[in-house]
Amino acid sequence: MASMPRILIVEDEEPLTLLLRYNLEAEGYAVDTSARGDDAELLLREAVPDLVLLDWMLPGLSGIELCRRLRQRPDTQRLPVIMLTARGEESERVRGLATGADDYIVKPFSVPELLARVRALLRRASPERVASVLEAGDIALDRETRRVRRSGRELHLGPTEFRMLEFLMEKPGRVFSRAQLLDGVWGMDSDIDERTVDVHVGRLRKAINRPRDKDPIRTVRGAGYSFDETFARRA
Ligand code: CA
């Protein structure tokens with residue numbers, strides 16, 4: 001089994017670094033951080049991660065210059081880099097891509113959107129690292145085609161229900177509070193009411209379960225919800 005992908009965040013805005021670290025670790029990535037471009041360059045000489053999230057404006061050495069230097073080194077030439085740019089830096093954004101970043105995302109961005117980009121880029125870089133199909137019992141969720149099947153029958157899920165099922169299936173057995181589900185499915189900065197989570201769990205259940213089906217979603221009173229990977233074996 002492949003080890004978890006390692007991601008380096010190079011960002012000097014601490015709240016953003018914390019937000020990214022929290023969400024990436026929740027997705028199962030190993031995360032390192034650096035707040036300066038020059039420090040990041042030193043880190044990258046010691047060990048090459050699987051992906052770098054690179055801020056544009058950094059003390060010590062700019063993100064763009066660091067990216068340019070990485071592309072000149074044989075061991076980091078193909079290292080996946082996502083550039084983080086501020087809104088309105090259109091021309092800089094273009095320069096960012098010209099310097100060899102694989103993707104860019106404009107601040108402020110939604111966390112689910114960033115996570116999707118990270119997954120897509122990692123999959124492109126090393127397809128074996130990120131499973132594209134999550135399976136449990138008779139349920140199969142394909143991240144690539146965004147389709148969910150149960151016993152071969154295609155299920156019709158809304159985008160939020162899809163993301164919620166994907167989130168729960170990534171960590172089977174783990175109980176998530178409503179607040180954690182809000183963070184993971186809608187993004188940490190969303191100001192959606194926690195009761196909305198219950199509404200979407202209800203819709204998700206309705207979409208995946210027919211009357212005689214076993215419900216894989218477990219309600220844990222006073223705690224939240226989890227995906228029970230043993231649902232198929234349950235009496
Ligand atoms: Ca910055």
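The values are calculated or read from the model by the stated rules, or taken from the named source; none is laboratory data. Please read all numbers here as calculations on a predicted model, not as lab measurements. Heads up, the Cβs are rebuilt from the backbone with ideal geometry, glycines too, and the neighbour counts pull from every protein chain shown.
Below, the figures for the structure above:
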| quantity | calculated |
| --- | --- |
| Residue among 154, 128 that is at pLDDT below 90 and loosely packed, with under 12 Cβ neighbours inside 10 Å | 128 |
| Single condition residue 187 does not satisfy, out of (1) under 18 Å from the mean Cα position of the chain (by Cα); (2) surrounded by fewer than 14 Cβ atoms within 10 Å (Cβ to Cβ) | (2) |
| Selection count where residues are under 17 Å from residue 68 (Cα atoms) and surrounded by 21 or more Cβ atoms within 10 Å (Cβ to Cβ), scope region 12-53 | 6 |
| Residue within region 194-205 that is within 30 Å of residue 52 (Cβ to Cβ) and of a type in the set (Lys, Arg) present | no |
